[in-house]
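None of the figures in this text is laboratory data; all of them are computed from the coordinates on show. Every value quoted in this text rests on a predicted model; they were computed, and no experiment measured them. Counting neighbours? That spans all protein chains shown, and the Cβs are built from the backbone with ideal geometry, glycine included.
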């Protein structure tokens, strides 16, 4: 397998831990281990008693039961725990695709959702979201693009990086096309639960289609990226068994402390999610104010879910702009070119508490270029 450099991950590897203010993170505010253990009486003692041997390759039964409770039609035997979402993507693509197969991938996308399929030797068609129509997808395009070699269709809702969320009728029609054409829907749902209006929340795809695979992780909605716990949920038993066997050649099993902490966190998933939504909503209001005052620099579209957005940069070179902001203001923005050369956008992350400080430094930089200043923050 030959894989191209992962543009987004190489960018973060170079700049994430050396830039003072991160304004492009895809995850939510994290917890210290102590804060997490305080969510539950006896949590600290349970961690100290934990045996550090091998764990079950599928994930502990307690953890899989907590994950299954997030779904409507999934049992613990339908959950396969992985080392983050990335391992789950890698394993799924290697099991579901062969050279000469075809995949259709929602775009722009996290690069591995398309790149691993290409590395296997599958043909990949990008199903491009329309920025002129709220980053929506056209189901007619998929109906035309799918062939008798199409094995996988990848979608991501709520969407990284645009924050787009389709209506429920969209996913039901996609499920119907899956049944009609025979492809497997791989549904990246790592931001599910962060909808600003809960009635807009889509059902997990595996709940509405018995061949589909739903992907999730502790990193995004729950802000616990350091645990490195992700999972797939599927009622597709044949595919599940192949994935479980393939995992024997990757991580084999997860870290025992990570599984313990993830299980504890998921027992309190509503509390954690609501805390992160409060941070997101407050920061989103700040962003609305900020972008309304810098309409000469950015074209702002308010996202519908999640902690990230994808405003368009109105200058000539988004790469040069992001480099200048990083060097002169100490603020890290992700240039849209990490998703493809055609995206003259920046990814903004607003799931963390230090967003006001990052915005202040970005505003100061724009002011130094002759932009009008941002008024004092009215939020407490």
Completion exercise
Checked region 1-90 with the C-alpha gyration tensor, a ≥ b ≥ c its square-rooted eigenvalues, rounded below a/c of 1.5, otherwise prolate if a/b is larger than b/c and oblate if not; verdict oblate
Practice task
Please report 302, 267 as a ranked list, fewest other C-beta atoms within 10 angstrom at the top and most at the bottom.
Solution key: 302, 267
Handout entry: Segment residue 145-residue 302, length gained on full extension (0.36 nm per residue, minus Cα span)
Key = 53.5 nm
Exercise for the section: On a C-alpha basis, how far is the centre of region 180-218 from the centre of region 253-280 in Å? Whole number, if you could? Expected result: 19 Å
Exercise for the section: Kindly work out what percent of the DSSP beta bridges joining two residues of region 49-267 are antiparallel, to the nearest 5. Expected result: 35 percent
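Taking square-rooted eigenvalues a ≥ b ≥ c of the alpha carbon gyration tensor, is region 133-244 rounded, prolate or oblate, where a/c under 1.5 means rounded and, failing that, a/b exceeding b/c means prolate?
On the way: a/c = 1.94, a/b = 1.16, b/c = 1.67.
Verdict is oblate for region 133-244.
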Fill in the blank from the handout: In nm, the gap between the two label points placed 7 Å beyond Cα toward Cβ at residue 197 and residue 181 is 2.9 nm
Practice task
Distance from a point 7 Å along Cα→Cβ of residue 33 to each backbone N in region 82-106: keep the residues under 19 Å and list them by number.
Solution key: 84
Completion exercise
Options (1) 1.52; (2) 0.99; (3) 1.05 for Cα Rg over 2.2 N^0.38 Å; the value derived from the coordinates is listed as (2)
Exercise for the section: For a footprinting-style exposure proxy, rank 80, 47 by other Cβ within 10 Å, fewest first. Expected result: 47, 80
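Show that you can apply the helix-only estimate: for the chain, add -39,500 (n - 2.57) for every DSSP H stretch of four or more residues, divide by all residues, and state [θ] at 222 nm to the nearest 500. List each step's numbers first, then the result.
Details: 14 runs with 148 residues, N = 380.
Only helices count here, giving -11500 deg cm²/dmol.
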Exercise for the section: Please label the shape of region 242-317 as rounded, prolate or oblate, based on the square roots a ≥ b ≥ c of the eigenvalues of the alpha-carbon gyration tensor (a/c under 1.5 means rounded; beyond that, a/b larger than b/c means prolate, else oblate). Expected result: oblate
Handout entry: Largest-first principal axis extents, alpha carbons of region 49-267, Å
Key = 56, 41, 27
Practice task
Place the peptides 49-59, 352-362, 311-321, 204-214 in order of packing, highest mean first, counting for every residue the other Cβ atoms within 10 Å and averaging per peptide.
Solution key: 204-214, 352-362, 311-321, 49-59
Problem - Residues 220, 2, 128, 168 arranged by fewest to most Cβ contacts within 10 Å - result: 2, 168, 128, 220
